[in-house]
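Below is one structure; the comments refer to it alone.
The values are calculated or read from the model by the stated rules, or taken from the named source; none is laboratory data. Nothing here was measured: the structure is a model prediction, and the numbers come from that model. Cβ coordinates were reconstructed from backbone atoms using ideal geometry, including for glycine residues, and neighbour counts include every protein chain displayed.
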C-alpha cells in the first residue's frame, strides 16, 4: 500500500513539474513617432545676448545609423521614470525684506519673472524657514518664554515681510504652490549650548515640545492661507555653523522622527504632511538614509530625503551617484534637492558663467538620478548678497540694487530652462549622450509635450543629432558654454 501511495505522489510530481507553462500574453510597446513633427529650440549662451531665447524651429526627419565620429543625444520615450513635483526656490526673510524695498512696478516685474509660466520661468515650489536662519536680519523664535506648552507661540514677526511676499508669490503662480519649511535651530532653551548659533543639540527633555513647535508653525501658516505641503527635520544636521544650527547624529534624527515628530504630527491631524530627512550634502547622505529608512518604525513617517550641494564647494566630485544608490536601495522614498547657491558673493561676478553651469550640471544629474523636486536657495538678495546677520553673503539668481533695478544673472536663465518647460506631473524620460561634452535629460509633460535639455560645458560649439523614439532625428548645434531646451 505504501508503494502505491509513493507511486501516486511521484506521478503527481511528474505532472505538476512537467505541466506546460501558461503562455504569457505578449504586448507590443507602442513607440511614439516624431517623424516629420516640429520642434522649438530655446538657448542661453555665454558671450552672447541669448537668454532663454527661441533660436530655431525645425522638423524631425527619418533617422539613420549614427556614426562613431558624430555626437548624439538619444531619447527613448518608451522608458519613463519618476514624476516631477515642482521646481522653485526659497522665500527667506532676506528675500522678503529686499522685495519690500522694491517699487510696486518692480515687485510686479519680479513676481512675473519668477512665477508666471508664460512671461517668466514658472516656479511651482517654495521653501521657507521655521523662524530665523542666517538669511534673516537677526535671530528670533516664535515663543517668548521657555514653557513646554508653547502657549506664547505666534508668527507675528513673519507678518511684516515674509508672509505678504509668500502670498503674492502664490497668487502670481496661479493661486497654488507646493510649500515646505525647515528649521535651522530650536529655541535656545531647548538646546545643549543654550544658543541658536554654533551648533549644539536638542535636549532630550524638550523633544516633545520641539515636535509640537513644527505643528504649531504649520497650523499658523495655514491659518494665514499658506498651505504647507511638507517639512524637513533639520537644515544641515551635521554642520556646526556660526549661524543658526543644530546637530543630529543619524540615530538622533531617526529617534526624534519615530518617537516625537511623526507621532506628534499624526496626533495633531497633520499626518498628511511630507517629512523629509537629512537636508544636508550628498557626501554623507547614504549613511543617513541607511540608518533611518532601515528602521520600519521611523521609515513609516519619512516621505523622502533631502540634500544640498555644498560638499562640492572646493571643486571636488559632487557624488551624484550617491542619490541613485539610495533610490535603488529604498525605492519607495523620494529624493529632493532642498538647497543650493553660489557662495562667496562678489558683485563683480554677476555674469560669472560657472555659477550658472553649477546649476545646470546639478539639475541634469540630480534629475537623472531620480530627484522629484528641486529647490534653489534665496530667490532674491540685495547687491551685497544679503541681508544676512552673520555676514554669510551669497549669490541669488536675481539681485536688487539700491536704485530699484533687478539684475537677472545667468543662473536665473539656466534654472528657467527646466522650470519654465518641465511642469509638475512630468515624467523623466530615458536619455543619454554619446559624448561627455553634452549633459542631457528629458521629460514628458502631462499634455504629451516632450522636453529635452542639453548643456554644453565646453569652450567650443557642438553639432549633434537629437534622436527621439525609434525613427526620428534632427541635426542640432549648441553654442559654447550654453544650455538648450528642445520642445517637441
Quickly run through segment 238-270 and pick out the residues that are touching a helix residue (DSSP H, G or I) at 6+ places or on another chain (Cβ under 6 Å) and assigned to a loop (DSSP other than H, G, I, E, B). 268, 270
Segment 395-421, residues that are assigned to a strand (DSSP E or B), surrounded by fewer than 20 Cβ atoms within 10 Å (Cβ to Cβ) and touching a residue at least 60 places away in the same chain (Cβ under 8 Å): 406, 408
Kindly evaluate residue 47 against the criterion of being surrounded by fewer than 18 Cβ atoms within 10 Å (Cβ to Cβ) and touching a helix residue (DSSP H, G or I) at 6+ places or on another chain (Cβ under 9 Å). yes
Out of the residues in segment 100-112 meeting the condition of being out of contact with any helix residue (DSSP H, G or I) (no Cβ under 8 Å at 6 or more places or on another chain) and either part of a helix (DSSP H, G or I) or not assigned by TED's automatic domain parsing to the domain that holds residue 164 (or both), tell me which one is surrounded by the fewest Cβ atoms within 10 Å (Cβ to Cβ). 104
Checking residue 359 against (1) touching a helix residue (DSSP H, G or I) at 6+ places or on another chain (Cβ under 8 Å); (2) surrounded by fewer than 24 Cβ atoms within 10 Å (Cβ to Cβ); (3) more than 19 Å from residue 277 (Cβ to Cβ), which test does it fail? (2)
Would you check which residues across segment 213-244 are over 18 Å from residue 302 (Cα atoms), in contact with a strand residue (DSSP E or B) (Cβ under 7 Å, 6 or more places away or on another chain) and crowded, with 19+ Cβ neighbours inside 10 Å and list them? 217, 226, 238, 243, 244
Please work out which residue is farthest from residue 379 (Cα to Cα), limiting yourself to segment 336-356 and to residues that are touching a strand residue (DSSP E or B) at 6+ places or on another chain (Cβ under 8 Å) and without any contact (Cβ under 8 Å) to a residue 40 or more places away in the chain. 337
Taking segment 441-470 on its own, how many of its residues are modelled with pLDDT of 95 or more and surrounded by fewer than 21 Cβ atoms within 10 Å (Cβ to Cβ)? 14
Subset of segment 156-198 [part of a loop (DSSP other than H, G, I, E, B) and crowded, with 18+ Cβ neighbours inside 10 Å]: 161, 173, 177, 184, 185, 186, 187, 196
With the requirement that a residue be within 16 Å of residue 45 (Cβ to Cβ), free of Cβ contacts under 8 Å to residues at least 60 places away in the same chain and assigned to a loop (DSSP other than H, G, I, E, B), what does segment 429-482 give you? 458, 459, 460, 461
